[in-house]
Amino acid sequence: MMGASFVSTVPSLLPLQAQVAPPSSSTSSSAASVRPPAARPVAVRCKTENGFADGGEELSRRDVLKLVGASVGIELMASSGSFVESARAADLIQRRQRSEFLSNVRGTLFTAIKGNPDLIPSLLMLALNDAMTYDKASKSGGPNGSIRFSSEISRPENKGLSAAMNLLEEAKKEIDSYSKGGPMSYADLIQYAAQSALKATFLASAIRKCGGNEEKGGLLYTAYGSSGQWGLFDKQFGRSDTTEPDPEGRVPQWEKASVKEMKDKFSAIGFGPRQLAVMSLFLGPDQTATETLLAADPDVSPWVQKYQRSRETVSETDYEVDLITTLTKLSSLGQQINYEAYTYPVPRVDFSKLKL
């Protein structure tokens, strides 16, 4: 049985080579005449079992699809320049919007923390405990702002953190008042408050090394500090808030936990003794007491000693860089970052209404 015939007319998508008329001998200075050819319809016939339907040009359907695809692709490539430029411009605008908003957020948090330096340990533990609800098996929990709920912050492991959360609630009111791209998520707020608190401790350490001189300490931190290591952390700006508390029993009571319990919890989220040692500042208000406890463990002790030596140097490079790296990973566990968060449409300018 003879197969069905497929016939279609395909317009010429790409002009054939222009026909250039040879210049006349009498008018050698005149420009060449270019005549674009008219679109030539092509009859396409599918091959039947007995040959072609009527002896037409032997072009298979596959050949035609290849030609059409190539033609369309070339035309799209030729016309994509303006699209790419527009996309780049839009991306730059969004980056600038997010950067400016984050800069303002840092200013608000810096002011809030400067007026309440005693809450720095609580702010660090707040960020830690919000992230430590992450469950690797179910991919649930993590730094999603769940600790803001009264039923979660009132748990034993979060005892004493309400004052820090209240401070952030007040800061959020101010931040949301000037945000053009919607309210800031609690998940972002809590982690960036920890960043600001850490920077405050780094700066305070530099000031102490300069005999309490704030100006010299600021210059020391600017010259030798780790401010340039926050790039990846700052890109993770766009966490989403959960709508309910995370399950209980996922976060230890750090002040009562043994080193083994701490190691087990850190291991459960993909961390080891190194990360446990560098996060000692997050585990309670007395870093020295925490490190004394951790140093009793043979796996953690070498790292504790390493970071203690680093803090005695001018730059504290090893300690600060490893702490920033660990916090960056911790603050993104299980999160899908929305890289368009806090952006907003830019009003178009109608140039026709401008008076020149």
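A compact table of results
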{"item": "Accessible area expressed per residue, segment 301-340, with surrounding protein chains retained (probe 1.4 Å, Å²)", "result": "50 Å²"}
{"item": "Accessible area per residue in Å² at 1.4 Å probe, computed on segment 189-274", "result": "50 Å²"}
{"item": "Highest to lowest packing among 163-171, 279-287, scored as the average C-beta count within 10 Å", "result": "279-287, 163-171"}
{"item": "Peptides 222-229, 189-196 ordered by average Cβ neighbours within 10 Å, highest first", "result": "189-196, 222-229"}
{"item": "Accessible surface of segment 138-220, 1.4 Å probe, proportion on carbon and sulfur as whole %", "result": "53 percent"}
{"item": "Carbon + sulfur, % of accessible area of segment 284-341 - ligands and nucleic acids excluded, 1.4 Å", "result": "51 percent"}
{"item": "FRET efficiency, 1/(1 + (r/R0)^6) with R0 30 Å, evaluated for Asn338 and Ser258 via beta carbons", "result": "0.20"}
{"item": "Theoretical FRET efficiency, 1/(1+(r/R0)^6), r = Cβ-Cβ of Thr313 and Arg106, R0 22 Å, to 0.05", "result": "0.25"}
{"item": "Listed residues Ile207, Pro247, Ser151: farthest to the positive end of the dipole of segment 143-256 (Cβ charges)", "result": "Ile207"}
{"item": "Spin-label pair Phe149/Ala137, simplified geometry with 7 Å Cα→Cβ offset, distance in nm", "result": "2.1 nm"}
{"item": "Packing-based ranking, highest mean first, of 240-248, 293-301 given that Cβ atoms within 10 Å are counted", "result": "293-301, 240-248"}
{"item": "Fully extended contour minus Cα-Cα distance, from Asp234 to Ala89, at 0.36 nm per residue", "result": "50.1 nm"}
{"item": "Accessible area of segment 106-172 divided out per residue, in Å², using a probe of 1.4 angstrom", "result": "40 Å²"}
{"item": "Long-range HN-HN contacts of Ser140 with modeled amide H, under 5 Å", "result": "Asp135"}
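The values are calculated or read from the model by the stated rules, or taken from the named source; none is laboratory data. Model, not experiment: these values are computed from the prediction. When we count neighbours, we look across all protein chains shown, and the Cβ atoms used for this are built from the backbone with ideal geometry, even at glycine. SASA here: full protein model, heavy atoms, side chains in, ligands and nucleic acids out. Shrake-Rupley method; radii C 1.70, N 1.55, O 1.52, S 1.80 Å.
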